[in-house]
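Chemist: Handing you this structure, nothing more for now.
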Amino acid sequence: MCGIVGAVAERNVVEILLEGLRRLEYRGYDSAGVAILDDNNHLHRVRKTGKVQELANALEANPVRGSIGIAHTRWATHGGVTEANAHPHFSAERVAVVHNGIIENYQNLRRELTADGYHFSSDTDTETIAHQVDKELQQTNDLLSAVQTAVKKFDGAYGTVVMDKQDPGKVIVARSGSPLVIGLGIGENFIASDQLALLPVTRRFIFLEEGDVAEISRTKVSVYDQTGAQVQRKVIESDIQHDAGDKAGYRHYMLKEIHEQPVVVRNTLQGRISEHDINTEVFGVKADEILAKVKHVQIIACGTSYHSGMTARYWLEQHANVSCNIEIASEFRYRKSYVHPNSLLVTISQSGETADTLAALRLAKDLGYMASLSICNVPGSSLVRESDLAFMTMAGAEIGVASTKAFTTQLTGLLMLTAAIGKHNGMSPNQLEKMISALHTLPAKLEEALTLSQEIELLAEEFADKHHSLFLGRGDQYPIAMEGALKLKEISYIHAEAYASGELKHGPLALIDENMPVIVVAPNNELLEKLKSNVEEVRARGGIMYVFADKDANFQSDDTMRVINVPHVDQIIAPIIYTIPLQLLSYYVAVIKGTDVDQPRNLAKSVTVE
Ligand code: HGA
């Protein structure tokens, strides 16, 4: 969340900062701003509410130039969406600050700083950083030590970049809880909250670690750890292929990403499964030894990743013969939980920076888990670095705020984890072989599922005037129904709820009428007959249903029920395949409703605040 970009160069950096913000806009898009130090050491600030394009227009109308600058695209946590609350924030027209995260003790700091004579011109927590640094500067007159002292006063999470008009030629950056990456150039250096922002100017990165403070000038980068000692951090060469401007001919990133699923799932499988077996080393060098001992799995995740974890619980208990719990990270981290013997902690996050998931992992380190494993899409992210084992999904950069390909690649990884644990835990060679064969069919079956696109585009018209909807599933399709409901609410703003269909008569049946479409994800297994009874319960109450089902499930379309035939697949991979039509449905409903599909209101990608 919140995009940060900064540059210290010889050339004019305004366009670099703007391009960086465009690339990060999916992380926050309610307002944007830049602060530029020009060659005469004048500090210029331009801020606008709305998209980065508003800022670009303002800069075109009134150009500024300068070789040092910081920029920000905001997803407000403290203070409304106004120009005054947009970053950068200033203190005494001297210190300029951009910030990602939350300063939790900002009210106390604000009181203290106000008593010291500082005037606040915004409602944000961020402005306390600017004034606190200015206050420290009155003591030391050295920006690095002022920031090092100031950050000790902050509770909460921050990735922050600070500029001082009286100390030009450098920026100071500090990281605690919110990611920051330094981009190394030749005679110029950069900083951003995500490497994607800097790909047009460099491919060499230093990922800052927790508590790091760094001084960045044109020719030098010095990093200090939380004790203040100077440290060397590894320089990483990025191989990410990404052109943020490239929707490859699709109208939205989300549609492009939906259609990429056969390829990215293939990439996720490639080199990791043989014809009949799985290479356990894909989870890490010590994986075989660790996975052989696992008797319980505790999964922690948020949002869409939580739904992939829920699906995995069905798989792990049924096929890998281990018990499994799953919990939302923001709940897990604030309660006392029981740790089962030989327990593996699995965290799932697309970005690897999800604040609650990361906090849960850190908390769990002292709780006695045997080992931790992250399922993640971003190499080098905090979650990957801080886990004992990691499985990298190969989804590539996901720009649409509503997650699609990250979800199906997570499911692919979790099914591979089921195989890897199961083969040490009573899964027969036959079962393993069957699971691996099903995995091999995934890319082609996903391709086939995408051919439903036109049919679903037409179907979407029936939803566009609806305000509520109900999604039903059973067994491992229940989390898929939950994910379907989440997609629909995220991008079309239609209220959508998911229920395990056995729960219908315990409450939600009361909602059924002709204005409440019911979307049913039908399994083709021993639960099918049970689900058919649930369908009849809805029909008897005048409900209108849309059933996604295998044609062998023998559902017939009629006045109250529309059946969409999903390709016949092995049941183990059905949750992954049935995800596709539900993604397409929410996409086309959102398009008809004219919402901002890639950047839905009030949301942002990579949830780095609590
Ligand atoms: N708390 C700051 C920054 C918000 C943020 O990091 N969002 O992701 C603000 O509200 O401006």
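The values are calculated or read from the model by the stated rules, or taken from the named source; none is laboratory data. Computed from a predicted structure; not experimentally measured. So basically every Cβ, Gly included, is an ideal-geometry build from the backbone, and we count neighbours across all protein chains shown. Accessible surface is based on the protein model in full, side chains and every heavy atom, while ligands, DNA and RNA are left aside. Shrake-Rupley method; radii C 1.70, N 1.55, O 1.52, S 1.80 Å.
Chemist: Considering every pair of different Cα atoms, what Kirkwood radius, in Å, is found for the chain?
Modeler: Working: mean 1/r = 0.0394 Å⁻¹.
In the chain this quantity evaluates to 25.4 Å.
Chemist: For a quick check: with amide H placed at 1.01 Å from N, whose amide H comes under 5 Å from Cys324's, ignoring anything fewer than 5 positions away on the same chain?
Modeler: Val297
Chemist: Something else about it: List the residues whose amide H sits under 5 Å from the amide H of Asn189, counting only those 5 or more places along or on another chain, with H placed 1.01 Å from N in the peptide plane.
Modeler: Close amide H contacts, sequence-distant or interchain: Val8.
Chemist: Let me have the 222 nm mean residue ellipticity of the chain computed from DSSP H runs of 4+ only, each contributing -39500 (n - 2.57), with the sum over all residues rounded to the nearest 500. Kindly include the intermediate steps, with their values, before the conclusion.
Modeler: Working: 18 runs with 206 residues, N = 610.
Rounded to the nearest 500, the figure is -10500 deg cm²/dmol.
Chemist: Could you tell me which GluC sites (Glu not before Pro) in the range 231-290 are loop residues by DSSP with no more than 11 other beta carbons within 10 angstrom of their beta carbon? Show your work: numbers first, answer last.
Modeler: Working: sites: Glu237, Glu257, Glu260, Glu275, Glu281, Glu289; in loops: Glu260, Glu275.
Counting only loop positions with at most 11 other Cβ atoms within 10 Å, the GluC sites (Glu not before Pro) in the range 231-290 are Glu275.
Chemist: With everything on Cα atoms, drop me the angle between helix 106-115 and the longest principal axis of the chain, reported from 0 to 90° to the nearest 10.
Modeler: 20 degrees
Chemist: How much accessible area per residue does the range 231-285 have, counting only protein heavy atoms and a probe of 1.4 Å, in square angstrom?
Modeler: 58 Å²
Chemist: List, in order, the whole-Hz ³J(HN,Hα) value for each residue of the range 279-288 obtained from phi through the Karplus relation with A = 6.51, B = -1.76, C = 1.60 and θ = phi - 60°; use x for Gly and Pro.
Modeler: Running phi through 6.51 cos²θ - 1.76 cosθ + 1.60 with θ = phi - 60° gives 8, 5, 5, 5, 8, x, 5, 8, 4, 4 Hz.
Chemist: Report the one residue of His89, Gln350, Ala320 whose Cα lies farthest in the direction of the positive end of the charge dipole of the chain (charges on C-beta: Lys and Arg +1, Asp and Glu -1; origin at the Cα centre).
Modeler: His89
Chemist: Roughly to the nearest percent, how much of the accessible area of the chain is carbon and sulfur, given a 1.4 Å probe?
Modeler: Details: 10740 of 22940 Å².
Answer for the chain: carbon and sulfur cover 47 percent of the accessible area.
Chemist: Here is a follow-up. Could you list, bin by bin from short to long, the percent of Cα-Cα pairs of the range 36-136 in 10 Å steps?
Modeler: Per 10 Å bin, starting at 0, the Cα pair percentages come out as 15, 46, 31, 8.
Chemist: What pairs in Lys295/Lys434; Lys153/Lys220; Lys487/Lys593 have C-alpha atoms more than 18 Å from each other?
Modeler: Values: Lys295/Lys434 23 Å; Lys153/Lys220 27 Å; Lys487/Lys593 14 Å.
Table pairs above 18 Å Cα-Cα are Lys295/Lys434; Lys153/Lys220.
Chemist: Hey, what do the phi angles of the range 162-177 turn into as Karplus ³J(HN,Hα) couplings, whole Hz, using 6.51/-1.76/1.60 and θ = phi - 60°, x for Gly and Pro?
Modeler: Those phi angles translate into 10, 10, 10, 4, 8, 9, x, x, 8, 10, 10, 10, 9, 10, 8, x Hz.
Chemist: Helix 574-593 versus the longest principal axis of the chain: what is the Cα-based angle in degrees, 0 to 90, to the nearest 10?
Modeler: Tilt relative to the chain: about 60 degrees.
Chemist: In terms of modelled amide H atoms, which long-range or inter-chain residues lie less than 5 Å from the amide H of Ser31?
Modeler: Distant-sequence amide H within range of Ser31: Gly50, Arg74.
Chemist: Additional query: Can you list which of the chymotrypsin sites (Phe, Trp or Tyr not before Pro) found in the range 43-141 are DSSP loop residues with at most 16 other C-beta atoms within 10 Å? Present the calculation step by step, with values, prior to reporting the outcome.
Modeler: Numbers: sites: Trp75, Phe90, Tyr106, Tyr118, Phe120; in loops: Trp75, Tyr118, Phe120.
Passing sites in the range 43-141 are Phe120.
Chemist: Round to the nearest 10 and give me the degree value, 0 to 90, for the angle of helix 355-364's Cα axis relative to the longest principal axis of the chain.
Modeler: The answer is roughly 80 degrees.
Chemist: Per 0.36 nm of contour for each residue apart, how much would the distance between Glu529 and Lys152 grow if the chain were fully extended, relative to their Cα-Cα spacing? Spell out each step's value before the answer.
Modeler: Working: separation 377, 0.36 × 377 = 135.72 nm, distance 6.10 nm.
Once the chain is fully extended between Glu529 and Lys152, it gains 129.6 nm.
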